Each structure stands twice: as structure tokens, then as C-alpha cells.
Amino acid sequence: MANQEFEPRIVAFFCNWCTYTAADLAGVSRMKYASNIRIIRLMCSGRVDPQFVMDAFARGADGVLIGGCHPGDCHYISGNYKCLRRYHMLERMMADLGVEKDRLRLEWISASEGDKVKRVVNEMVEQVRALGPLDLPGRFADWDAEMRELDEKVQREHDGACEAHAAKETQS
Amino acid sequence: MTDKPKVAFYWCASCGGCEESTVDLAEAILDVAKLVDIVFWPVAIDAKKKDVEAMADGSIAVSLINGAIRTSEQEEMVRLLRRKSGLVIAYGSCAQSGGIPALANQFTREQIMRVVYEECPTVDNPNKVHPQETYVDTDGIGVTLPGFRNIVRSLDQVIDVDYALPGCPPTPKLLAEALQAILEGKLPPKGTVLAPDVAQCDTCPRKDTKPQDVSYLEFKRPHWTDMDPEKCFLAQGIVCMGPATRSGCESQCISGNMPCTGCFGPTSRVRDQGAKIISSICSSVASEESDQIKSVLSGIPDPIGTFYRYGLSKCLLRGRVDTAVTTSQSQEARK
Amino acid sequence: MMDRGNGNGRSDLRIGVYVCHCGINIASMVDVKRVAEQAAAMPNVVVARDYKYMCSDPGQEMVQQDIRELNLNRVVVAACTPLLHEPTFRGACERAGLNPFFCHMVNIREHDAWVHEDREKATVKAIDLIRAAVRRVKHHKALERRTVPINPNVLVVGGGIAGIQAALKIASAGRHVYLVERELSIGGHMAKFDKTFPTLDCAACILTPKMSDVKKHPNITLWTYSEVDKVDGYVGNFKATVRRKPRYINEDTCVGCLECIDACVFKEPRFTDEYNEGLSKRKPMHIPFPQAVPQVTAIDPETCLRFKTGKCKSSCVTVCDRNAIDFDQKERIEEINVGAIILSTGFQTFEPKDRLPQYGYGIYDNIYTALEVERLVNSAGPTEGEVVLRDGSKPRAVGIIHCIGSRDTKSNIWCSRVCCMYSLKLAHLLKERTGAEVYNFYIDMRTPGKGYEEFYNKLLEEGVHFIRGKVGAVNDWAITPEEEGRLVIRVEDTLGGFVRRVPVDMVVLSTGLEPHKDAEDVRRKFNISCSPGGFFLERHPKLAPVETASGGIFLAGCCQGPKDIPDTVAQAGAAAAEALALIDKGVVELEPNTAFIDAESCSGCKSCLSLCPYTAISFIEAEKRAEINEALCKGCGTCVAACPSGSIIQNLFEDEEIFSEIAEVLSNG
């Protein structure tokens, strides 16, 4: 369900040395890309804790983008490989939990690839736009609406019982 | 009536193991019984919902509630107990984090009903009769069944919970310590999980057998392999949740030559147990190439069932997000 | 001890938010007033201000004054990338008595104002990012920078004019330099030139004294015919492995008498002389050029009979009274420890043969690259400075085609900066030596340098022809008798507005500068980045033009981008100064973004141990838990993400800090 009104929210975790710098370069080069992305700086893609990705989804991200140095280029030798290994399990888990594949993306973007930041962000925003909102906070609220219904019902019954009780008291 | 503190036990979506574990206090239960007044315990004493309703709000010192919340009835009962109790303890994995019942959060209610009432090999239900929440028979007599909720919830997702006693089931030792702390009024800060805040490996009898450089060329499943009865499971390539799971279980599974499956839940510093264990285990897969990594990881065929066996309710995503039926949809379905 | 406490007290958080206009850089796309207003309403924000240039003195003073007067204990600066001005604002906080790590920067320029086109969306984004920072700084701790001692030695990689200059400067300052050069001699490209523009002074006169200074300098260890294989460590404490290839001559005993060359069993030079761009021949026993440093010959095992057949009377050995010839010489590996590294690995010239075949190079004999002509006009070159064609004749007309392999998306996009000027120089020299008509074909004449435009004017007066237009092709397809037997340059004269055919006898292709083909390998070896074209990337083009993102590694010369000799020498001086500034401090301050393990929480599961690429994590058997050696930790945070019980914490990137950012960038709507 593509929705033209819908503006996807993408949270990005970029490593300091390559992808964050590439995003800086995109800026310096005045490249224009979709404003739907919020970049969080980490020192290395190896710092990307799968919890961060899942927390971002749970808090309303429609997509999560992880950016690290190309294989062999990690500033910390091998952090990007650790990220890659986790990513492959994470993508399976997200699929098993019903999060569409395109909502999670790992990209290797070197410090010189400002244009790749632009391309990847624009691409991802359009892909996620086509998927529509993930809106987990909204879904959670929908699921939990049943609890509110019960709560209100119990409250009504409780109030009713109290009133009946009070009425009885006044009668007698 | 005595002025001994009143205690209530209740079970929700659970297997009964937690009730058993209470009895596992053995003789100690008599000491407990001497000190407290058990006012509600459906499995053991005859007290009804109306009896609880009749109690003054807050009059029960502590309610120990086990089981996950799957039905409206369970939800209603725990709300009632909450109102009547000073303290509520989520007792066992199901109450703490959804437990085994929460694995149902991978499926819609409709899928579950269809499997249980139509597709199970032993089910004989030619008319495909499903349970109804309300049913009025030909005589005009109406009966109701509790509503089956959209998802399985942990206790704290329904009511305010003071403490959690983890485990599937919790050990008698932890229960005894918890009761003692409550009776002595030595209460830890609200929200505390009443088990050590260190991972299982801390006390694991196999701790010393783990090498410092474990890396995974493959993952083996316990039933496929002759497991070394002494050696760290992870060092054998068998997924063990120990590093991401609280200790306090007295290493019962490990002692029985089975890896930890994570029932004590994560430490206080972790928001999502499954996310953390994959972060740890996958980091050490012995490859730098996508296809090989995937191949190694394929040795873990069911990540959700493996890493969220006891905690899918507390997974940050709470379950399968695209299939759980929303209230509005289910209302439409009912029309 | 590092203060892990909250310093100024979490219960009373007092945050100041500063939104920079950056002139109009930010303000034109982000409504900075509105951003500041919104920030003022965020939790714990005591003051929010916007200002034209936050990084300026008054801007910094504003922050410092607020810290003092409003008792701020957290500072959020929304401006440019933290990679640019984080040190600036941390410094401001420090001067006002606030721990610098209570300051956090929000990137609303590079990541927002400069990359978006919708003012409303860019403004909302800025507010989101600031909200995230405001929540993040709550978790910040007072931290101290770590200091580690610095090894005072410097490694200079590449012995062209840049490396020579940098090495001499550092050595003169009393520090030890290892100068590693891949070729047999230092000198680089400059050694091949005859004259330099615009002064036309002799390249050798400038360069060779410096080369011999390098050799003589007691503080310089010169390793030619050597390459850096591996670099470990970090700023202040690098360990480099240098592979010294065998030249089969003992450098310590050879005195450079060159008699072995004369004595070589090959009476005539028969093998391509790479140094002369293939314009002459050499023997297996050779020295690249007479002024080579070191003055040591070398044997080419590919052509030497002794190596090829094992049968040679080895007259070179007989003639060498120093016994310097050593056919059994093996490759040697040297390990050195240095505190700073200067990369001056230079460039390669564009190879037009296969990449731009329309210019006929490699097809027609009399088409030369500029570097070949440099050798031709060089008095120490293959023709001793006499400009003759391959058949020995003198050219009557010469065409110099500019921008070969530059300023074109089909080859290299950039301007190589030196080609206009060296083309003018060659035009002058060719005219001077041959009296030929010289035609320059140029797209634009670029002469931005001291005395450069004046040089161009001089050439105009000398009667050199200038035709503005990009040459389409060079071939020998004559259509007039005048063109017969000559090379014809076809060009659209964009000033005249018509297509010209210019017959000449010699064509010079002004080939551009590009990164070495193995620049990528070198980049990886030294853990630095490349710019889009493949030249090494400086940390900041203006604020840190000779630094790299990797602390302690500096750039000099054309490896960073095309530049002429004056700029190269200046940059080499700057790199030397940076390296000296670093090592003369004696200690290096490191970011405190290291990880540590909470001893109480660690279960000793050992999951983290093998993940650290720096072996900073060790297992303490006595306590059965892991510990991080802060001195070895570089702060990547990989173990932090992987710790299954959440017991490893990374300073400045704590879980709660990241979770705060996630929550707040998503909390709007």
C-alpha cells in the first residue's frame, strides 16, 4: 500500500570513520536526499547492538539503516564483520517477526562515497514508503486497546455494584 | 482472624509447574504457613473470586501470580488481585516475560484456533466448531467463555508488578528468600528481579572448560550430538543461553547435561535477551563472508523459539508484528 | 582515576542548547529561531540560543558565560559535524570549568541543512536531533582524556620531494626519521624534470642537494627499494614492518664508483630503462640516474645472466674492489616503532595508450607523454637534452595537448593542476631547443600561482601558439600535401568557431595526475580513507589539510591530490610541523571513548575475549571475569554490543545514551 502522504521514518546507525564521514561528504558536496533519515553516530558498525535496531522499530521507525566500512576497511580491523554476522541473524529474526525485509538494511559506505549515502537513503525511503508505515507503537496500542475495554467494563460493573449497594443502603 | 500477613497465589496461562515449585518448598512451606495466612490459592484451598472481591483493597500483603496473560478472565483476576494486594510478584517465566505461552505471539488468534480446533491430527471436529465468547442455547440460556486475547502478555504488561521471581519454575530457594525478605520488610527497590543480576556462566559448573577463543564453524543441536557432559556447551557448538541469562537457577539444566534455554530472563542491564544473545553468539561465527555466515547460522533453525523461548512477550517487538490481529479488525471479524 | 560520577549532579540537570546559523549555511534551510525556541521548551533546558557563528570567539564566549552564570552542567551545540568542531566546543566548556565530555554536538549542517531542500522538514529534523541530544547528555559522565607516551620517531613513506622535505625538516628538529622509498633512489618525479616552472630553475639544482642531505643526515635512516608491509598500533605508538627488497649490492660497502656497470658482460645497454620512460636502454647492472641517492647500483635479476642462466663470468664481481656485489642477498624485514607517519607516496601519470586511444599514443612514434618529454629535454636524459624524434630528426612543429586524462568524465574528472604550467614550460623549452612552431591546445588556461600568469604572458610573447579547444583526435590521415607524413591534430577552435587541422611532427600529451594504482592497498595498510577520486583523504580540507582521520598519520604531496612543487614543499613542511607538534608533546591524549567491564556484573562468560582486535580484553583467572586494558582499547564498542549480559560499558557511547537518541528521534509524532 503505497501512500504518498506517508513519510517514512528511518533511523540510521553510521560508523564514525566511513559512513558518517560519507554523510558529511554528501553534505559538503551539497547532495540532496530525503530528509526522512535520522543518523545516530557510533564509532564502529561493530557497536550496533541488535537491541538498537529492535528498539528503533518498536519506537516507531519504519526502517533501520546500518552503515559501516567496506569489508577489509574497518577502522577497527574487523568490527564490520561482527556487524555483518549479527545482521544475518537479525534479518532472519525480523522476517520471523513479520518485519519486511526492506525495512532493515546494511550498507558498506566508505568515507568517499557521499553519493552512495544519497542513493541508499533515497532508495530506502522509497522502498519503505511503498511498504507503508510499520508503526509498531500504533500496532501495540491497537493490540492493547482490548485491555482498556476490559478495564472500562470492570470499572462500570464496579461502579454499578457500588451504586446498587448504595441504593440498597438508602432503601433499607 | 489472625493479623498474620495475608498471601495469595494465582495462576494464569501456565503449566502448573510454578504451583509445583511452591510445594517444593517441602517442610519449609509449613514454616511459611505459620507466618502467613494464605487467603487465596485456587489450586490448594477453596476460595472464590467473590471472596477476594469481598476483601478490603490492599489487604493482601503479597500476591504471587504465575502464568502469562492470555484471556480476559486472567486479566480480570490479576486486576482484582492487584487492587487487593500490597505487593504483586510475577512468579516464574510466564508471568515475568510470557514464557512458553508467549511463543504463540508468532501467530494470529485465528491461526491458533484453526490449528487447535481443526488441524491437529487428533482433532475430530467435522463441523469446525470454534469456541465462542458468548453462546445462547435454544432455551435462551446464555453462557460465556473468557475472551482470547490478541497476544500473550507478561504480568507487568497488564498490571503494575512489584517484583519478579524468574524461572521455569523459580527455585524453592529463591522463593524462600523472597518470602523471607518480604516478611522481614527488607524490600529491594520496586521492579527488582529477585535473582542475582549476573549471567548464568558466573555459577556454571562448566565455566572453566570454556576456551577464550570460541568461534563457530557450525551449530549443533542437542539431539544430534553426543554432548560432552563436562564441557561448556558453547565450546561444543551448542547454543546455550547462559551468557545472556540471569543466574540463580542452580544450574539445573546444565547439571542434567542440557544447555541453558534462558528461563531466568536477561540481566537488568539488558532490554532484549534474544537480541543480546544473537549479538554475542553471531559475533563469533567463523566467517567474514555472507553466504558462509548464513550457512553457519542455518544451524539455528528457529531463532525465535531458541532465543525467546521464555520471553517473547518482553521481546522489544512483542511477537510477530504483522499477524497479530488488531482490535478493530477483530471487531469487524465478529460482525 | 576517572570520575564515573555525574560530576555536576544529575538531579539538577541544567542544559544549554546553542543553535548555530553558520552564516546562512544552516539558517537558510533551517529555521534556527524556531529550533532554539523549541529547544528552550525541552526538559532540563535552562537556556537555548541561536547565534550567527557559534564557533567564533563571541559564540564560544556565549557558551562559557552561560556555563558560569547559569550554572549549566550540560551543553548541546547544534552546528556542523562533530568531526569538525567537537574539539572547539569541548574546549569552550573546559575553559568555563565544565568537564568537556558534558558537551555534545548535533550535526544540523552536513547532515541536515546542506542535504535537504524542504525548509520545514529540515527544521523538524533539526529539532528531532536536538531533542535526542538533550536526552542523551543526561547520561553523560565527566571523563578524562587518557594520555599515553609517544614514540618520538617518525616514518616517512615515499621519497619524492614531499618525503624528502618532510624528512629533512623533522630530522633537523632533532627527531629520528625512517624514510622508506619503493624505488632504487629517492627523488621521485621531480628528479626526472629538467626545469621547473615558472622560474625555469633547474630541478636538479634544487633537488639533488636535498637528496644528498637526506643521505648524510645522522637523524635519517634511508631505506630505498623498500616498502612498508604492515602497520599496527595507533597514534604515538605505531609499529611498522618494512620489507627491504634485495638489490644484490651491499649498500654499506658500495661507494658508487659505477665501475661494475662498465664491467657488466653486456657491452651495450640492451634493456628498457624505466627511469627514462623507456626512451633509452640500460644494463642489468644499473643505477637509475647519475645523481641517484643512494649512490648504489642494483642488479636486475630479470635480465642479469647470472640470475637467468647461472652462467656468467661475473666481471662485475671481479671489478668491484669493495666486494659489494652479493648475488645471495635476501629480502630483509625490518620492524620499527614510530610515533607518527607521513605518507608522501606521490602519484602516477595518466596512461593514455589504452584509455584514450584517439590521441594515437602507442600507435604513432612521435606522440610523447609530457613525462617522456621531460626526459628528452633533460640534459641528464637519454638524449642529453637534445630534442630529437625517434628517427633522430628535429621537429619543425610541436603540438602540446592539454588535459589528457583530466577534466573529463571518461577519464578523470579533476583538474590535475600542474599540466597547464608544465605545458607552458615544455612549450618554452621545446621552442628554445628546436626553434619549432609550438601549438598549445587547451580547454582553459589555468595559471593560479605566484608568477604563473606572468609566465603565461611571457610565452604569449615568445610566439607560442594557443588554440582553445579540446582536441578530438591525432592521426596521420593526411588530406593536404602539407599534412603528408606528419601528425594531424584535429580540434574545434572554440574561439574561432571552426574545426582546425594542425599538422605537426611531434605531439606532447599533457597527461594528468592520478592516484597510484596501489593507493587503495596503501590506504588499507595505513587505515586511512580516500577521496572520491582515490587520492588520500585529509581530515578536513581547510582545518586539517595534512591530517588524516587516523591520528598520527599525515599527508604530504600528490598522494593527497595533484599539486605543484611549491605547494608540495609547503605541504611537506606542514606535515612535518604536525608530526613534530604531535611527538614533541611527549604524550598523546586519546579520546576517552574506551570500554570498561563492570566487575560486579561480569559473569566471566568469555564471549568478548576473542572479539577484540587489539587483544585489550583479558580473562583474570583468579576472579574468573574479564577486564579491559584501557591502554589497548581503541573504543570501537564491538565488545559492548556483544556482551550478552550488558556488563561492558563504552564511555561516550553508553547503551542508555544511544537508546535516548533512538527514543527521541522517533518521539515526534
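The values are calculated or read from the model by the stated rules, or taken from the named source; none is laboratory data. Given the structure is predicted, the values throughout are model-derived calculations rather than measurements. With ideal geometry, Cβ positions are generated from the backbone for all residues, glycine too; neighbour counts draw on all protein chains shown.
Descriptive notes on the structure:
- Note on the stretch A:1-95: enclosed strands (runs of 3 or more DSSP E) holding 2 or more residues that are in contact with a Gly (Cβ under 9 Å, 6 or more places away or on another chain) and not hydroxyl-bearing (Ser, Thr, Tyr) are A:10-15, A:37-42.
- Matching residues, the stretch C:600-610, being within 12 Å of chain A (Cβ to nearest Cβ) and surrounded by 22 or more Cβ atoms within 10 Å (Cβ to Cβ): C:607, C:608
- Any hit, the stretch C:621-643, residues being of a type in the set (Ser, Thr, Tyr), touching a helix residue (DSSP H, G or I) at 6+ places or on another chain (Cβ under 8 Å) and farther than 23 Å from residue C:522 by Cβ: yes
Residues checked against (1) free of Cβ contacts under 8 Å to residues at least 12 places away in the same chain; (2) within 12 Å of chain B (Cβ to nearest Cβ); (3) β-branched (Val, Ile, Thr); (4) more than 30 Å from residue A:112 (Cα to Cα):
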residue: C:556; (1), (2), (3), (4): no, no, no, no
residue: C:561; (1), (2), (3), (4): no, no, no, no
residue: C:581; (1), (2), (3), (4): yes, no, no, no
residue: C:598; (1), (2), (3), (4): no, yes, no, yes
residue: C:622; (1), (2), (3), (4): yes, no, no, yes
residue: C:630; (1), (2), (3), (4): no, no, no, yes
residue: C:651; (1), (2), (3), (4): no, no, no, no
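- All positions within the stretch C:387-441 that are within 22 Å of the chain's Cα centre (by Cα) and either part of a loop (DSSP other than H, G, I, E, B) or without any contact (Cβ under 8 Å) to a residue 24 or more places away in the chain (or both): C:405, C:406, C:407, C:411, C:412, C:413, C:414, C:415, C:416, C:417, C:418
- Single condition residue C:473 does not satisfy, out of (1) closer than 19 Å to residue C:498 by Cα; (2) touching a residue at least 24 places away in the same chain (Cβ under 8 Å); (3) not in a strand (DSSP E or B): (3)
- Qualifying position, being under 17 Å from residue C:339 (Cα atoms), polar (S, T, N, Q) and within 34 Å of the chain's Cα centre (by Cα), among C:610, C:550: C:550
- If you filter the stretch C:515-526 down to residues that are in contact (Cβ under 8 Å) with a residue 24 or more places away in the chain and within 12 Å of the chain's Cα centre (by Cα), you find that the one that is farthest from residue C:539 (Cα to Cα) is C:516.
- For the stretch C:272-285, the criterion of being charged (D, E, K, R), buried (at least 19 other Cβ atoms within 10 Å of the Cβ) and at positive phi is met by at least one residue.
- Strands (runs of 3 or more DSSP E) enclosed by the stretch B:127-166 - at least 1 residues per element that are more than 14 Å from chain A (Cβ to nearest Cβ): B:134-136, B:142-144, B:163-165
- Which numbered condition residue C:617 fails, given (1) without any contact (Cβ under 8 Å) to a residue 60 or more places away in the chain; (2) more than 14 Å from every other protein chain (Cβ to nearest Cβ): (2)
- Residues that are away from chain B (no Cβ under 13 Å) and assigned to a helix (DSSP H, G or I), drawn from the stretch A:96-119: A:102, A:114, A:115, A:116, A:117, A:118, A:119
- Count of the stretch C:9-36 residues which are over 14 Å from residue C:76 (Cα atoms) and touching a strand residue (DSSP E or B) at 6+ places or on another chain (Cβ under 9 Å): 7
- Residue C:658 falls short on exactly one of the conditions (1) in a strand (DSSP E or B); (2) within 7 Å of another protein chain (Cβ to nearest Cβ); (3) not acidic (Asp, Glu), and that condition is (1).
- Residue match in the stretch A:149-165 (condition: more than 10 Å from chain B (Cβ to nearest Cβ), in a helix (DSSP H, G or I), among the aliphatic types (A, V, I, L, M) and exposed (fewer than 14 other Cβ atoms within 10 Å of the Cβ)): yes
- Test: residue in the stretch C:179-190 that is surrounded by 18 or more Cβ atoms within 10 Å (Cβ to Cβ), under 30 Å from residue C:587 (Cβ atoms) and not polar (S, T, N, Q): yes
- Every residue from the stretch B:162-173 that is surrounded by fewer than 23 Cβ atoms within 10 Å (Cβ to Cβ) and within 16 Å of residue B:268 (Cβ to Cβ): B:162
- Hits in the stretch A:51-66 (condition: within 8 Å of chain C (Cβ to nearest Cβ) and more than 8 Å from the chain's Cα centre (by Cα)): A:51, A:52
- Residue count for the stretch C:632-649, restricted to those that are outside any loop (DSSP other than H, G, I, E, B) and away from chain B (no Cβ under 12 Å): 0
This table checks each residue for (1) more than 8 Å from chain C (Cβ to nearest Cβ); (2) under 26 Å from residue A:97 (Cβ atoms); (3) surrounded by fewer than 24 Cβ atoms within 10 Å (Cβ to Cβ).
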| site | (1), (2), (3) |
| --- | --- |
| B:247 | no, no, yes |
| B:260 | yes, yes, no |
| B:266 | no, yes, no |
| B:279 | no, yes, no |
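- Of all residues in the stretch A:13-56, those being touching a Lys or Arg at 6+ places or on another chain (Cβ under 7 Å) and not charged (D, E, K, R) number 13.
- Enumerated strands (runs of 3 or more DSSP E) restricted to the stretch C:201-308, each holding at least 1 residues that are without any contact (Cβ under 8 Å) to a residue 24 or more places away in the chain: C:226-234
- Residue within the stretch A:79-102 that is in contact (Cβ under 8 Å) with a residue 24 or more places away in the chain, over 26 Å from residue B:306 (Cα atoms) and out of contact with any strand residue (DSSP E or B) (no Cβ under 8 Å at 6 or more places or on another chain) present: no
- Members of the stretch A:67-92 found to be among the hydroxyl-bearing types (Ser, Thr, Tyr) and within 11 Å of chain C (Cβ to nearest Cβ), listed by number: A:76, A:78, A:81
- Hey, residue B:85 under 20 Å from the mean Cα position of the chain (by Cα), away from chain A (no Cβ under 12 Å), under 23 Å from residue B:175 (Cβ atoms) and in contact (Cβ under 8 Å) with a residue 24 or more places away in the chain or not: no
- Scanning the stretch C:589-599 for residues that are surrounded by fewer than 22 Cβ atoms within 10 Å (Cβ to Cβ), assigned to a strand (DSSP E or B), modelled with pLDDT of 95 or more and not acidic (Asp, Glu) turns up at least one hit.
- Being over 18 Å from residue C:564 (Cα atoms), modelled with pLDDT of 95 or more and surrounded by fewer than 20 Cβ atoms within 10 Å (Cβ to Cβ) is true of residue C:397.
- Elements of type strands (runs of 3 or more DSSP E) contained in the stretch C:493-567, each with 2 or more residues being farther than 30 Å from residue C:392 by Cα: C:498-504, C:553-555
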